[in-house]
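Encoded as structure tokens, the structure appears first; notes follow it.
The values are calculated or read from the model by the stated rules, or taken from the named source; none is laboratory data. Quick caveat: nothing in here was measured; it's all calculated off a predicted structure. Neighbour counts are summed over all protein chains in view; Cβ atoms, including those assigned to glycine, are modelled from backbone coordinates with ideal geometry. Just so you know, the surface numbers come from the protein's heavy atoms only, side chains and all, with ligands and any DNA or RNA stripped out. Shrake-Rupley method; radii C 1.70, N 1.55, O 1.52, S 1.80 Å.
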Amino acid sequence: MASNKKVLLKVIILGDSSVGKTSLMNQYVNRKFSNQYKATIGADFLTKEVTIDDRTVTMQIWDTAGQERFQSLGVAFYRGADCCVLVFDVTAPNTFKSLDSWRDEFLIQAAPREPDNFPFVLLGNKVDLEPRAISAKRAQQWCQSKNSIPYFETSAKEGLNVEQAFLAIAKNALAQQNQTVDLYNEFPDQIKLSNAQRPNNGADACGC
Amino acid sequence: MDDIVGDKNAKFKELYNQDGVFLRQAGEMYTPMFGCTGSLYLWEHISDAESKPEVPSRFLEWRPQDFVELKTALDEGSEEWTLIESVKKRCRTSSGNMVKDFLNSIGNLNVCFSNIKSLRCSKHDVLTTFYDGSCELLASFVFPTSESREHFLGTIQAFVRLQPTRRDKSLFIVYDAASPGFKDLEKSFAALDLKTDSSFWSLLKNIKSNPYEKSMEAFAKVTGYVYNSVDDEEHYMAQDDLQRSISEIGDDASAYAVYDIPNCLPMRVDYPRCNPLTREQWRAQLNGEGQLEDVESIKTLIFRGGISPDIRRVVWKFLLGYYPWDSTEKERHALDISKMESYYKIKMQWTTFSKEQEDNFSDFSQRKSLIEKDVNRTDRVLDFYAGENNYNIFSLNNILLTYLLYNFDLGYVQGMSYLLSPIYMLLRCEVEAFWCFVGFMKQVMSNFDYDQNAMKEQLKSMYLLVNFIDPQLSKYFEDHECANMYFCFRWLLVWYKRELQQDEVARLWEVLWTGYPCKNFHLLIGVAILEHERDALMGDNNGFTEILKFINELTGKLDINLMINHAEGIYHQIKDADHLTDAVRNILGIPVAEASGLQSKPEDDRSPRKGVSEPDEIEFEKSIYSNFLSSSTGRLVFLFRP
């Protein structure tokens, strides 16, 4: 369906201040890392073209402010999101504890059609740093409890796992978008489905 | 005339005479004359020794010329249209003979001028209605031209004052010489600017040719009512909603666009920037005690040109409240000492925390860690803050931690480090920078409130200002889901710090800290930028995403002196605009007296309306509105006379 149409995937990165949201986005889009990123005020985004299953899609990755009080303005930025990336710092336990509230707040503000099936991806960032406060097991347990959210351990500084994580994010976002489009195009899809199921016996099976 | 005068010998002087005045409405007894055209006179009694006390000093007289049936659509242009509806039906059934007979028996329409307690005349048309103060209509006339009505209003102002009511700018309370406080009302009617265009007559013509659509026209009347009753803030939204709803009715409905007064801004005047305040100028203002002689002129110089870098260090301490403007050299010396002492007292509170204490004080330790993370990424590209183990970063950290203890309720919020950085970089002293930062925070503290309401309010204000200055641009924002103005968030949170170089920030902030020329001048800086970039913003059918990107990428590209210059020009345009609204006036804190044009008095203003014998304005307005508004539901209802 509409495979030639240009696809735009909107991805929102959320998480506490200083967990590496801007760094992850810049590492993925520009393959660069800097210790000198400024704190994000308001919101910004970068775009990147990626190929998924032979389809070229544009990812629009939104970077937001990490302090909780700025979330109330989030609704303007969250609208139309296809995937939400939650980030925590594996060396800072508080950033892991906040994940629930980031997820809940996103669902409230973005109000996706099917909150239970909306794709999230969790990134445990700064794995290059010691000491580690949150184990992979603990993070995965949290993911399991949230309808099996995919989990990646990344280092924006080293570029570790960043590409893989964002590919998964793109796939999830694309799946979400297709599903949404299906919902909107329920009627034509049903016809397509019935045509495919009908055995081709050489005659025009359609009586109308 | 005889009826009202009651003395056939009384002599009268003609003050005003105008032919071709329609009688729209008057007391019941004049019903057959409604819709007739006639001559309107204003008579003044020439008193002499024989004058009887009951002879009124002035009265209006209307003499019918001929009977002209007003077309059904004459109701255009006044809030009384619903009442007219029934009157017109009667009008159509009456014959010419009836009128003639009636005139013979009743005579001319007379209104004793002292009975007129208020009158309604809107800018939209030439309809003028007189009330007796208890919401009874005395008479309602349609003048042939706006000039003739202006002449009339000019004439009556020789002996009465007209004061617009607060909620309805087209309704004026009439104060005569007997009213208490009459003399306080200096406002002349010319200043009220009741100019009309000829749209009334062209509109009337339109309606005649489209009687079928008459009911549609009723919506336009509702529109007019809504416009006069809603807050200015909601005005634009209401207008858009109405415009949309009308456009949805169909193509033909385009003839029924929402009519509004064409609002023209005064010409933009260039206020060239001046040279910065120099050391010599500053010193010249100090007297023997080291006290500033003329603070206002110093502030004006700073507003006009900023401050020379070599004197900035001293002057910022005044601008940010570290030193009072009227302090002497000796007092400042004492302040230096006391401020140092109190800074270190507060600082000691956190420097003496043990590790254990900190671990048990998570509210503190979490904020401490946030400060540490933020200062380590604040202006690190500047040499002053660059490199590992930079002492200046350490100082930023100390100041923000001390501020955290100084104002623990607010705590530390992202953005604060950017407000501190230029201050510390200039002063290079923890104590001075701390207290100056405290002074700055007093001005912008609400930006960091937990509920972010102050930020939302500013974004809303920004939209209203854009709407006032460049309605096309605000309409574009509205149509492209950008009316929330969130793309200006960063500008307002840290006063353009992230968009400018450090020396540009210093220049902008010192200008803004003067508080000149008005409240919230920082919003006008934003309006100036948006207006400057308007073509790019509206190009390529940009939506919220594209506009946000565009705005974020303006960083490092702004000419801040030019923007200050434009913002000042915009301020004067707004201040001098005839159609200045209360909402816009409140945003910029423009006092009523300073602005020109048609306006109401602020709540606290002393005005003669409080006089005992005066009609209670609020009650009076209420009584008029109650004819049209169902007060319990707030919905519009139309009352027809039986």
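Can you confirm whether region B:140-152 contains a residue that is assigned to a strand (DSSP E or B), among the small types (G, A, S) and at pLDDT 80 or above?
Yes - at least one qualifying residue is present in region B:140-152.
Can you tell me which residue among B:E388, B:E432 is assigned to a helix (DSSP H, G or I), farther than 21 Å from B:Y496 by Cα and acidic (D, E)?
It is B:E432.
Residues that are within 14 Å of chain B (Cβ to nearest Cβ), open to solvent by 60 Å² or more (accessible area, probe 1.4 Å), among the β-branched types (V, I, T) and farther than 27 Å from B:S362 by Cα: does region A:107-122 have at least one?
no
For region B:440-454, does any single residue satisfy the condition of being open to solvent by less than 10 Å² (accessible area, probe 1.4 Å), away from every other protein chain (no Cβ under 14 Å) and not aromatic (F, W, Y)?
The answer is yes; a qualifying residue exists.
Does region B:525-576 hold any residues that are within 14 Å of chain A (Cβ to nearest Cβ), under 22 Å from B:E510 (Cβ atoms) and among the polar types (S, T, N, Q), and which are they?
B:T555, the sole residue that qualifies.
Does B:W491 fit the bill of being in a loop (DSSP other than H, G, I, E, B), within 14 Å of another protein chain (Cβ to nearest Cβ) and aromatic (F, W, Y)?
no
Filter region A:113-145 for residues that are hydroxyl-bearing (S, T, Y) and not in a helix (DSSP H, G or I) and give the result.
Within region A:113-145, just A:S135 meets the criteria.
Within region B:391-428, work out how many residues are part of a loop (DSSP other than H, G, I, E, B) and open to solvent by 40 Å² or more (accessible area, probe 1.4 Å).
Residues in region B:391-428 being part of a loop (DSSP other than H, G, I, E, B) and open to solvent by 40 Å² or more (accessible area, probe 1.4 Å): 3 in total.
For region B:455-486, give me each residue that is within 11 Å of chain A (Cβ to nearest Cβ) and either free of Cβ contacts under 8 Å to residues at least 60 places away in the same chain or open to solvent by 50 Å² or more (accessible area, probe 1.4 Å) (or both).
Answer for region B:455-486, where residues must be within 11 Å of chain A (Cβ to nearest Cβ) and either free of Cβ contacts under 8 Å to residues at least 60 places away in the same chain or open to solvent by 50 Å² or more (accessible area, probe 1.4 Å) (or both): B:M455, B:K456, B:L459, B:E481, B:A483, B:N484, B:M485.
Which condition number does B:E358 fail, the rest of (1) within 40 Å of the chain's Cα centre (by Cα); (2) open to solvent by less than 50 Å² (accessible area, probe 1.4 Å) being met?
The one condition B:E358 does not meet is (1).
Restricting attention to region B:316-341, report how many residues are of a type outside the set (K, R) and open to solvent by 40 Å² or more (accessible area, probe 1.4 Å).
14
Just give me the residues in region A:49-68 being buried (at least 16 other Cβ atoms within 10 Å of the Cβ) and either outside any loop (DSSP other than H, G, I, E, B) or in contact with a Gly (Cβ under 7 Å, 6 or more places away or on another chain) (or both), in sequence order.
Listed by number, the residues that qualify are A:V50, A:I52, A:V57, A:M59, A:Q60, A:I61, A:W62, A:D63, A:T64, A:A65, A:G66.
Select, from B:W350, B:W325, the only residue that is of a type in the set (A, V, I, L, M, F, W, C), in a helix (DSSP H, G or I), touching a helix residue (DSSP H, G or I) at 6+ places or on another chain (Cβ under 6 Å) and more than 14 Å from every other protein chain (Cβ to nearest Cβ).
None of the other options fit; the residue is B:W350.
Going by the conditions given, is A:Y78 surrounded by 22 or more Cβ atoms within 10 Å (Cβ to Cβ), touching a Phe, Trp or Tyr at 6+ places or on another chain (Cβ under 7 Å), within 14 Å of chain B (Cβ to nearest Cβ) and aromatic (F, W, Y)?
Answer is yes for this residue.
What residue, of A:L86, A:L14, A:L9, A:L46, is open to solvent by 10 Å² or more (accessible area, probe 1.4 Å), more than 9 Å from chain B (Cβ to nearest Cβ), touching a residue at least 12 places away in the same chain (Cβ under 8 Å) and in a strand (DSSP E or B)?
Criteria check complete, one pass: A:L46.
Which of the following residues is loosely packed, with under 15 Cβ neighbours inside 10 Å, in contact (Cβ under 8 Å) with a residue 24 or more places away in the chain and out of contact with any strand residue (DSSP E or B) (no Cβ under 7 Å at 6 or more places or on another chain): B:R313, B:R367?
From the options B:R313, B:R367, the qualifying one is B:R313.
Output the residue which, of all residues in region A:89-100 that are in a helix (DSSP H, G or I) and within 14 Å of chain B (Cβ to nearest Cβ), is nearest to A:T40 (Cα to Cα).
A:T95
Could you list, in sequence order, all residues of region A:19-43 that are within 11 Å of chain B (Cβ to nearest Cβ) and open to solvent by 30 Å² or more (accessible area, probe 1.4 Å)?
Scanning region A:19-43 gives A:S34, A:N35, A:Q36, A:Y37, A:K38.
Given the conditions (1) outside any loop (DSSP other than H, G, I, E, B); (2) open to solvent by 50 Å² or more (accessible area, probe 1.4 Å); (3) in contact with a Leu (Cβ under 9 Å, 6 or more places away or on another chain); (4) not hydrophobic (A, V, I, L, M, F, W, C), report the number of the one that A:R103 does not fulfil.
For A:R103, the failing item is (2).
Somewhere in region B:186-200, is a residue crowded, with 18+ Cβ neighbours inside 10 Å, of a type in the set (A, V, I, L, M) and either under 25 Å from B:G27 (Cα atoms) or at pLDDT 50 or above (or both)?
No, region B:186-200 contains no residue that is crowded, with 18+ Cβ neighbours inside 10 Å, of a type in the set (A, V, I, L, M) and either under 25 Å from B:G27 (Cα atoms) or at pLDDT 50 or above (or both).
Inside region B:543-553, can you point out the residues that are surrounded by 18 or more Cβ atoms within 10 Å (Cβ to Cβ) and touching a residue at least 12 places away in the same chain (Cβ under 8 Å)?
Selection gives B:F544, B:I547, B:L548, B:I551.
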